[in-house]
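Have a look at the structure below before the remarks.
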There are 2 protein chains.
Amino acid sequence: MADTTPTGCKVSIALLHYPVYDKNRQVVATALTNLDLHDIARSARTFGLASYYIVTPIPDQRALACRIAKHWQEGWGASYNPKRKAALDLVRIVASLDEAVADLVQCHGKPIKLLVTGAKDQPNSVTYAETRELLATGSEHYLILLGTGWGLTEEVFSRADYLLAPIKGAGDYNHLSVRSAASIILDRLLGERDR
Amino acid sequence: MADTTPTGCKVSIALLHYPVYDKNRQVVATALTNLDLHDIARSARTFGLASYYIVTPIPDQRALACRIAKHWQEGWGASYNPKRKAALDLVRIVASLDEAVADLVQCHGKPIKLLVTGAKDQPNSVTYAETRELLATGSEHYLILLGTGWGLTEEVFSRADYLLAPIKGAGDYNHLSVRSAASIILDRLLGERDR
């Protein structure tokens, strides 16, 4: 029997605050940005994703992320703006990429394939059309990895099952915000095609 | 002779803080959001747009927008992150939609067509494929209007030359951030097609 699961249910997204590069290519843990939680959660909800992982090894930063999410999930925030709650309900806050993968395995009982994103051209990258087809027809769960700061480290890239091609605009300027990149990637992979 | 101007040069975008609805459908002026300046400027620069208008009738809010932009355009900010300067150089801060249109007429010497965006279905809306073709072949300058708060008012919609279809995701959740919506709209209208 054909698998009729909506494609988004097979897809999650993770925003890594570590390990990422800073401006001088040092490996750092970046600070949480409030609107990264909101915007990417809203995009994830729009395109029907299973979950959105906020990844940071810093306990205080995880506590802050929890506090922001809970403000909209409980009490006043939830009743003031239930649509925001629906988005933030997808958020899961973890200490590492391994923890996110372990959580996904436990939730979905399937192998997890890592789709790594970045702003630079990579050899052997997959196109959006290819990846769209992969997500629609594949039987695994797919985790899209986004980096903060100056991007994901080589260590993360070396773990990729798939390297997603960078988003190209009109020229060689490739400095979208991670929030914008996430939105465009989800739209290209999961948005309506008849547009 | 065929017009070889890159399409983005014929397109600008405006973020209206007035007139927009609040949660209770009252017409209000919303407050500036720092990341609206940055993210939409970076998306506009990526897709080669001519300019990005921040529209607010409140003088203090215009002064704040100027101060944020200038931080990255001059002195320390410009040398710390020249890519951010390149994006924010597209920003023009005006008091009203009429002022944005007058400025565009003066800059480009062409009639200005208004493309209005919103999250709700509208009768007679144009698809992304149709609008992409329009921008590529048209001889006018096109201004894409985005609303803050709970969206642009009927008054703004009544001025539209074109109503752009809403972005559809996996279900009926249509609460993208304006930053995400701007990114997806620009990618659909001006991004690479072989993807």
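The values are calculated or read from the model by the stated rules, or taken from the named source; none is laboratory data. Source: prediction; values computed, not measured. A quick note on method: Cβ atoms are made from the backbone with ideal geometry, for glycine too, and the neighbour counts reach across all protein chains shown. Side chains are part of the model used for accessible areas, which takes the heavy atoms of the whole protein and leaves out ligands, DNA and RNA. Shrake-Rupley method; radii C 1.70, N 1.55, O 1.52, S 1.80 Å.
Listed here are the residues, each with its yes/no results for (1) within 14 Å of chain B (Cβ to nearest Cβ); (2) in contact (Cβ under 8 Å) with a residue 24 or more places away in the chain; (3) surrounded by fewer than 16 Cβ atoms within 10 Å (Cβ to Cβ).
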residue	(1), (2), (3)
A:Thr7	yes, yes, no
A:Val11	yes, yes, no
A:Asp22	yes, yes, yes
A:Arg25	no, yes, yes
A:Val55	no, yes, no
A:Glu74	no, no, yes
A:Ser96	no, yes, yes
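When A:Arg92, A:Arg84 are checked against the criterion of being in contact with a His (Cβ under 8 Å, 6 or more places away or on another chain) and surrounded by 15 or more Cβ atoms within 10 Å (Cβ to Cβ), A:Arg84 stands alone in meeting it.
Residue-by-condition table, conditions (1) hydrophobic (A, V, I, L, M, F, W, C); (2) more than 22 Å from B:Asn174 (Cβ to Cβ):
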residue: A:Pro6; (1), (2): no, no
residue: A:Ser12; (1), (2): no, no
residue: A:Val27; (1), (2): yes, yes
residue: A:Asp36; (1), (2): no, no
residue: A:Val55; (1), (2): yes, yes
residue: A:Leu64; (1), (2): yes, yes
residue: A:Arg67; (1), (2): no, yes
residue: A:Leu90; (1), (2): yes, no
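Within the set A:Ala44, A:Ala65, the sole residue that is among the small types (Gly, Ala, Ser), modelled with pLDDT of 95 or more and more than 17 Å from A:Gly8 (Cβ to Cβ) turns out to be A:Ala65.
Among the candidates A:Thr127, A:Thr137, the residue that is within 18 Å of the chain's Cα centre (by Cα) and β-branched (Val, Ile, Thr) is uniquely A:Thr127.
Let's see how each residue does on (1) out of contact with any helix residue (DSSP H, G or I) (no Cβ under 9 Å at 6 or more places or on another chain); (2) not basic (Lys, Arg):
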residue	(1), (2)
B:Arg25	yes, no
B:Ala41	no, yes
B:Tyr52	no, yes
B:Pro59	yes, yes
B:Ala63	yes, yes
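In the condition set (1) over 29 Å from A:Leu35 (Cβ atoms); (2) more than 14 Å from chain A (Cβ to nearest Cβ); (3) touching a residue at least 60 places away in the same chain (Cβ under 8 Å), B:Leu145 is compliant with all but (1).
Candidates are the residues of the stretch B:166-190 that are more than 7 Å from chain A (Cβ to nearest Cβ) and in a helix (DSSP H, G or I); the one that is nearest to A:Gly48 (Cα to Cα) is B:Ala181. Among the residues of the stretch A:89-117, just one is of a type in the set (A, V, I, L, M, F, W, C) and touching a Gly at 6+ places or on another chain (Cβ under 9 Å), namely A:Val116. The set of residues in the stretch B:98-119 being open to solvent by 30 Å² or more (accessible area, probe 1.4 Å) and of a type in the set (S, T, N, Q) consists of B:Gln106 alone.
The conditions of being without any contact (Cβ under 8 Å) to a residue 24 or more places away in the chain and either within 14 Å of another protein chain (Cβ to nearest Cβ) or aromatic (Phe, Trp, Tyr) (or both) are met by B:Ser79. Mind listing whichever residues of the stretch B:40-53 are among the small types (Gly, Ala, Ser), open to solvent by less than 10 Å² (accessible area, probe 1.4 Å) and more than 8 Å from chain A (Cβ to nearest Cβ)? Matches in the stretch B:40-53: B:Ala41, B:Ala44, B:Ser51. Taken over the stretch A:120-135, the criterion of being exposed (fewer than 15 other Cβ atoms within 10 Å of the Cβ) and within 14 Å of chain B (Cβ to nearest Cβ) is satisfied by A:Lys120, A:Asp121, A:Thr127, A:Ala129, A:Glu130, A:Glu133.
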